[in-house]
Each structure stands twice: as structure tokens, then as C-alpha cells.
């Protein structure tokens, strides 16, 4: 007699940072019949609903323990999701495995694209399959065109396109993933502080007249399975507080978390959201 085949989807390991995305991924995977195991990064993962799933909490620098935990739980696929503040070397407290990675990339890349690519390569070298959040939550990916009911005017589109060019140059230097542009002027560039703080800073330099545009883009060299820039409800609120009138996102290279709620709030505030293609993606 032939033993019954197990056709259940492969177990998903989630390395969770801050914000709502890790819990949304866990819920979607569970709804699809996938077993889930979560490694909550100490000091970064902050959604209490993650505690309802099989999980452990480990510090960011404990690379060997993270790999061992995923292997012990028989995880096949791994997704990295959520915000992780760029740590100092002392705060990271790297174990021997993490130290080995850092020696390969150099401390100047700590927390940036170079290190993330090495993390992805290391996971695959260990036999795991690295996947992107947008492969689990298909509504995350941003499409080209106006998203929502508010239409950007010509000035807004000019600001958006200029901002995308600037953000791509910024990303090429492995610095950040966004900027704020108003009436052709760049008010702020994103670096270590993150989007929310950049938005607050941009408000200090806003001009009279029509408001500016937040632009978010993946880095040109970025592995789209790792750390794609995302917006959520908080981004909408902070953009509105900063006096901006819309958000432009790289189509295919950014994500919207809680899309329905985000679009409803943007529409209510009279803010547009538009997906743009980079010139070399045309």
C-alpha cells in the first residue's frame, strides 16, 4: 500500500522586524494552509499578535541561533519582513556567524543593501529558499498608474518623476530609498533616519503654494526579496502632516501595506498615490 503523499505547502519561516507586515504575512500563510515559525528580532519586532504563532525571540546579531532555530523547525521558505533600525556594531553584538558576514561586506555597509544581499546568499547557502513578502501577499506590490481616486496634476507628476530620478541615484549609492520634492525642489533625502523622520524634517523647508510629493523607490541593484520600501497608514498620516499632497512609488519596486485602508485614508485626505516606472524599466 502506497503511503499518502503530503501535499501541504512548505513551512514558512519569518524573520520579523517592526511594524504590521510580519503579522500580516503570518496570517496569510496560515490561511493558505502553511505552517509558520517566527523569529522575532529583539528590540525590533513590536506586534504582539506575532506571539500567537510558534516563535522565538533572538537578537539581530545571533545569526547562528537564527539559522539553527529555522532548521530545527523544518522551515523551507524564509521571508524577511518589517523594519529594522540600523544598529551600531556594539548594539548588534554579532556572534561568530554574523561577524563572518560583516567581515565579508565591511562595517560601512552594516544595515544597507550590501549586507542584506549577503544575508540572503547565506540563507540560500544553508539550503533555505528566500522569498519576498509580495510573493505571499500579492496585493502588496505597486502597479503602474494612479492608485485611488485622487488624480495628480502636471506639477505633481513633474515632482514625482524628478523625485524618482533622485531616489534612484540615492539608492545607487546604497544610502536610502526616498525623498520629498516640492515644485521641483528636493526638500529632504532619506538616509539612516527613515521615512517618518524625513517627512517631519521636510516640513521645515516647505515652500508657499502647492504641496510636495513623497517618493519611494527600491534601490536599482536591490534584490526584490529583501527590504522593499513600503508605505502604510502611518506614512499617509505623516505625509499629510508634512503638507504633502501625494505619494509616488516605484511600480514593481515598492509595497502598500493594508492597501484598502491606505487608499481610503488617502482619498479622504485628498492625497494621490501613483505608481511610476523608472526610465530604464520602460
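Before moving on, here are some points about what is shown:
- With respect to the stated conditions, residue 42 is exposed (fewer than 14 other Cβ atoms within 10 Å of the Cβ), touching a strand residue (DSSP E or B) at 6+ places or on another chain (Cβ under 6 Å) and not assigned by TED's automatic domain parsing to the domain that holds residue 256.
- Residue 261 being closer than 14 Å to residue 148 by Cα, surrounded by fewer than 24 Cβ atoms within 10 Å (Cβ to Cβ) and in contact (Cβ under 8 Å) with a residue 24 or more places away in the chain: yes
- Residue in segment 23-33 that is surrounded by fewer than 16 Cβ atoms within 10 Å (Cβ to Cβ), assigned to a helix (DSSP H, G or I) and in contact with a strand residue (DSSP E or B) (Cβ under 8 Å, 6 or more places away or on another chain) present: yes
- Odd one out for residue 23 among (1) more than 22 Å from the chain's Cα centre (by Cα); (2) at pLDDT 85 or above: (1)
- Matching residues in segment 162-182 - criterion: being surrounded by fewer than 18 Cβ atoms within 10 Å (Cβ to Cβ), touching a helix residue (DSSP H, G or I) at 6+ places or on another chain (Cβ under 9 Å) and not in a loop (DSSP other than H, G, I, E, B): 165
The values are calculated or read from the model by the stated rules, or taken from the named source; none is laboratory data. Since the model is a prediction, treat every value here as computed from it, not as a measurement. All Cβ positions, even for glycine, are placed from backbone atoms using ideal geometry, and neighbour counts span all protein chains on display.
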